[in-house]
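The values are calculated or read from the model by the stated rules, or taken from the named source; none is laboratory data. A quick note: this is a predicted structure, and the numbers were derived from the prediction, not measured. Using ideal geometry, Cβ is built from the backbone for each residue, glycine included, and neighbour counts are taken over all protein chains shown. Remember, those area values only see protein heavy atoms, side chains included, never the ligands or the DNA or RNA. Shrake-Rupley method; radii C 1.70, N 1.55, O 1.52, S 1.80 Å.
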Amino acid sequence: MKKSTTHLVGMRALSRRNFLGMVGMASLACAAGLGLTGCDDGGSAQPSVDYNSMSLEDLVAQAQEEGEIASVGMPDTWANWVETWEDIEAEYGITHADQDMSSSEELAMFREEGVDGTKDIGDVGQSWGPTAEEQELTLKYKTSYWDEIPDWAKDDDGDWVVGYYGTISLMSNDSTVPSAPTSFQDLLDGDYNVCVGDVTAAAVAQYAVLAAAYALGGGIDDMQPGYDFLKQLAEQGRLDVSDASLARIESGEIDVCINWDYNSLNYRDQILENNPNAQFSVSIPSDASVQSGYCTIINKNAPHPAAACLAREFILSDEGQINLARGYATPIRDVELPEDVATLRLPDEQYGDHVQTVDESVWSGVCQDMITWYQENIIPILG
């Protein structure tokens, strides 16, 4: 049964900040004719409508008039996006299509298409949010949940906002590693292969090295302990730098992999569906871990900007956050999870003070240094 189109409006009626109201009809008519963008003499698009000043009711009405939304990097199989898109279509009659791609590819598409943008919204690793803002690719929209978002998970103006995050975890195959490691020190003391992934390309592999640095006495300002961790595994022939795919994990090719908790938990459950006798352990490293989020960016040249803003509004709603949690991700807002969703997560006590947030403003520079070090020191060992 189709849900009421007033559901989100009613749900937030008491807590949404007062808005200034919709801009004049003449401005809207002009904006509609221009795809809600205009061009200055330099050819760069500027949003004709301040969506933060709209009432939620007017935003919904305009989004429904647009009738569709095109996303990038938000496929059905990642973090349970499928339920969010289904809910948005059922509730508002807005159809959806996605083109899956990496964070860097999303920004490249927004930039290269310019005022002829074909995509509305993307989901990128948190470190890419400030990059999109710096490159002036984003439409600003804060949503009515802005005050509930931690400061580390948003920029000042609504150019990007984290919807969910993950924590670096350890996933081990109990059939090949009877004593499951629960720390980075355990990994160093073991005799099994450890899949970290490609440090030159995979964000999760880079965060894994950062987590190792914290665990072994360093941190974002001192990555050497993390580098030493990689070097020891490489010299022992135990460093796996290929992708930690579900197929490789399920086949037993990987003994232990370092991955986001939502990927580890999702993979474990998928494997158990195929083989109920399989046994895999998942834990947050007890000596240290790091967490980082994924944030939505709305294309400054979005063909359906109101629908994109409404999608962000829904993603941060209780219902949208629960959808993401059902995909094993940690919601950015403190929402009460249904019991069946809460049981998908690791126990709360695993996420203690040893889990570090990341200063994303310096992280991109650290990553570049890490890649250079890795190319000079690890690739020669791997041969």
**Request:** Please work out how much length the chain gains when fully extended from Ala247 to Gln185, using 0.36 nm per residue of separation minus the C-alpha to C-alpha distance, in nm with one decimal.
**Result:** 19.6 nm
**Asked** Around Asp240, with a cut-off of 11 angstrom between Cβ atoms, what is the net charge of the other residues, counting Lys and Arg +1 and Asp and Glu -1?
**Response** -2
**Message:** Could you sort Thr343, Thr330 by their accessible area in this structure, using a 1.4 Å probe and putting the largest first?
**Reply:** Thr343, Thr330
**Prompt:** Once the other residues with Cβ under 15 Å from the Cβ of Leu272 are scored (Lys, Arg +1; Asp, Glu -1), what is the net sum?
**Reply:** -3
**Asked** Computed from the mean reciprocal separation of all distinct C-alpha pairs, what Kirkwood hydrodynamic radius does the chain have, in Å?
**Response** 21.9
**Request:** Take every Cα pair under 8 Å in the chain that's 6+ residues apart, average their separations, divide by the length, and report that relative contact order as a whole percent.
**Result:** 24
**Message:** For a test of the definition: using alpha carbon positions, the gyration tensor, and the 1.5 limit on a/c, classify region 49-119 as rounded, prolate or oblate.
**Reply:** oblate
**Dipole axis of the chain (+1 Lys, Arg; -1 Asp, Glu on Cβ), positive-most option in Ile149, Cys309, Ala244** = Cys309
**Complete:** Taking Cα pairs closer than 8 Å and at least 6 residues apart, the relative contact order of region 296-364 in percent is 18
**Asked** Percent of accessible area on the chain owned by carbon and sulfur, 1.4 Å probe?
**Response** 46
**Fill in**
For region 132-173 the GluC sites (Glu not before Pro) that pass both the DSSP coil test and the at-most-16 other-Cβ-within-10 Å test are Glu136
**Message:** Rounded, prolate or oblate for region 257-383? Axes are the square roots of the Cα gyration tensor eigenvalues, ordered a ≥ b ≥ c, and the cut-off for rounded is a/c under 1.5.
**Reply:** oblate
**Request:** Quick one: check the C-alpha center-to-center distance for region 168-190 versus region 331-383, whole angstrom.
**Result:** 17
**Prompt:** For Gln99, which sequence-distant residues (separation of 5 or more, or a different chain) have an amide H within less than 5 Å of its own amide H, given hydrogens modelled in the peptide plane?
**Reply:** Ser71, Val72, Gly73, Met74
**Selection from Val72, Val161, Gln62, by position along the positive dipole direction of the chain (Cβ)** = Gln62
**Request:** Treat every Asp and Glu Cβ in the chain as -1 and every Lys and Arg Cβ as +1, leave all other atoms uncharged, and give the resulting dipole magnitude about the Cα centre to the nearest 20 debye.
**Result:** 400
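In the neighborhood of Ser286, defined by Cβ-to-Cβ distances under 11 Å, what is the net charge if each Lys or Arg adds +1 and each Asp or Glu adds -1?
Once all neighbours under 11 Å are counted, the net charge is -3.
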**Request:** Could you please state, rounded to a whole Å, how far the C-alpha centre of region 278-323 is from the C-alpha centre of region 259-275?
**Result:** 18
**Request:** Have a look at Ala202, Ala244, Ala302 and tell me which one the Gaussian network model of the chain (Cα, springs below 10 Å) gives the largest fluctuation.
**Result:** Ala202
**Message:** How tilted is helix 103-113 with respect to the longest principal axis of the chain? Cα atoms for both, answer in degrees (0 to 90, nearest 10).
**Reply:** 30
**Message:** Compute, for region 263-383, the length of the dipole vector about the Cα centre, with Cβ point charges of +1 (Lys, Arg) and -1 (Asp, Glu) only. Units Debye, rounded to 20.
**Reply:** 480
**Message:** Relative contact order of region 211-304, please, whole-number percent, based on alpha carbon pairs below 8 angstrom and at least 6 residues apart.
**Reply:** 27
**Request:** Express the accessible area of region 91-178 per residue in Å², computed with a 1.4 Å probe while the remaining protein chains stay in the model.
**Result:** 38
**Request:** Could you tell me how many degrees, from 0 to 90 and to the nearest 10, lie between the Cα long axis of helix 56-66 and the main elongation axis, the longest principal axis, of the Cα atoms of the chain?
**Result:** 90
**Prompt:** Restricting to lysine pairs 8 or more places apart or on different chains, what number in the chain have Cα atoms under 23 Å apart?
**Reply:** 9
**Prompt:** In terms of the Cα gyration tensor, with a ≥ b ≥ c the square roots of its eigenvalues, is region 246-304 rounded because a/c is under 1.5, prolate because a/b exceeds b/c, or oblate?
**Reply:** oblate
